[in-house]
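The values are calculated or read from the model by the stated rules, or taken from the named source; none is laboratory data. The model shown is predicted, which means the values in this text are computed figures rather than measured ones. For neighbour counting, all protein chains shown are included, and Cβ atoms are generated from backbone atoms with ideal geometry for every residue, glycine included. Areas reflect the complete protein model, heavy atoms only, side chains present, ligands, DNA and RNA absent. Shrake-Rupley method; radii C 1.70, N 1.55, O 1.52, S 1.80 Å.
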Amino acid sequence: MINEVIKKNGITYGVMIGIASALVTATIYAVDLNLFTAWWMGIIGIAISLTISIILLSKTKKELNGVFSFKDAFTTYFIAAVIGILISTTFNIVLFNVIDPGAKDTLSEIMIKYTVNMMQKFGTPASAINEAVAKMKESSPYSTVELAKGSVFAIVVSAIFGLIFAAFFKSKSTQE
């Protein structure tokens with residue numbers, strides 16, 4: 001059984017992470033779709049998630065009176081991460097496949113232009129650029145299937161972050 005404090009905090013903060021991610025996406029969508037290619041927007045999203053995660057783990061450790069095993073720290077973080085990813089992915093699926101399916105095409109064109117510009121800056125041969133553009137036109141990164149695949153990748157990456165955070169936040173006296 002999972003400790004009630006771990007479960008409650010994981011769920012609560014997972015919902016917070018999911019809502020924060022959905023709000024960032026909605027803001028970008030409302031302001032300018034070109035912001036989806038801005039590297040600094042990605043940094044802001046990661047910073048928000050990491051900040052909420054650090055607050056989550058600190059609060060949970062405090063509520064457990066400083067007795068926080070590696071397993072409990074990882075479980076707390078992982079519950080929050082999975083819930084946040086599922087909420088964010090569900091929001092993206094609804095936004096790009098139900099509310100405004102046309103935005104998928106616009107974003108694909110924006111991503112292609114961005115990629116071509118970056119490849120040209122690095123002196124990539126035209127044949128390689130054309131090949132990359134052809135591959136990008138074949139895919140639909142905002143389709144339900146691709147967003148679901150992306151969420152699986154995000155969960156794996158989150159598990160790695162969870163291991164790092166758990167090692168940092170675990171109690172020094174636990175032998176797990």
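What the table below lists for this structure:
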| read-out | value |
| --- | --- |
| Hey, F70 among the aromatic types (F, W, Y) and touching a residue at least 60 places away in the same chain (Cβ under 8 Å) or not | yes |
| T60 being in contact (Cβ under 8 Å) with a residue 12 or more places away in the chain and out of contact with any Gly (no Cβ under 7 Å at 6 or more places or on another chain) | yes |
| Single condition S158 does not satisfy, out of (1) in a helix (DSSP H, G or I); (2) open to solvent by 40 Å² or more (accessible area, probe 1.4 Å); (3) closer than 30 Å to L57 by Cβ | (2) |
| First in segment 13-28 and in contact (Cβ under 8 Å) with a residue 12 or more places away in the chain, second anywhere and among the basic types (K, R), Cβ under 9 Å, 6 or more apart | Y13/K59 |
| Residue within segment 105-121 that is closer than 14 Å to G14 by Cα, modelled with pLDDT of 90 or more, of a type in the set (S, T, Y) and open to solvent by 70 Å² or more (accessible area, probe 1.4 Å) present | no |
| Members of segment 143-155 found to be open to solvent by 30 Å² or more (accessible area, probe 1.4 Å) and in contact (Cβ under 8 Å) with a residue 12 or more places away in the chain, listed by number | T144, A148, G150, A154, I155 |
| Checklist (1) out of contact with any Lys or Arg (no Cβ under 9 Å at 6 or more places or on another chain); (2) open to solvent by less than 60 Å² (accessible area, probe 1.4 Å); (3) under 19 Å from S151 (Cα atoms); (4) at pLDDT 95 or above applied to T90, failing item | (2) |
| Index of the failed condition, T60 passing every other in (1) over 18 Å from A154 (Cβ atoms); (2) surrounded by fewer than 20 Cβ atoms within 10 Å (Cβ to Cβ); (3) hydroxyl-bearing (S, T, Y) | (2) |
| Any chance A126 is of a type in the set (G, A, S) and surrounded by 15 or more Cβ atoms within 10 Å (Cβ to Cβ) | no |
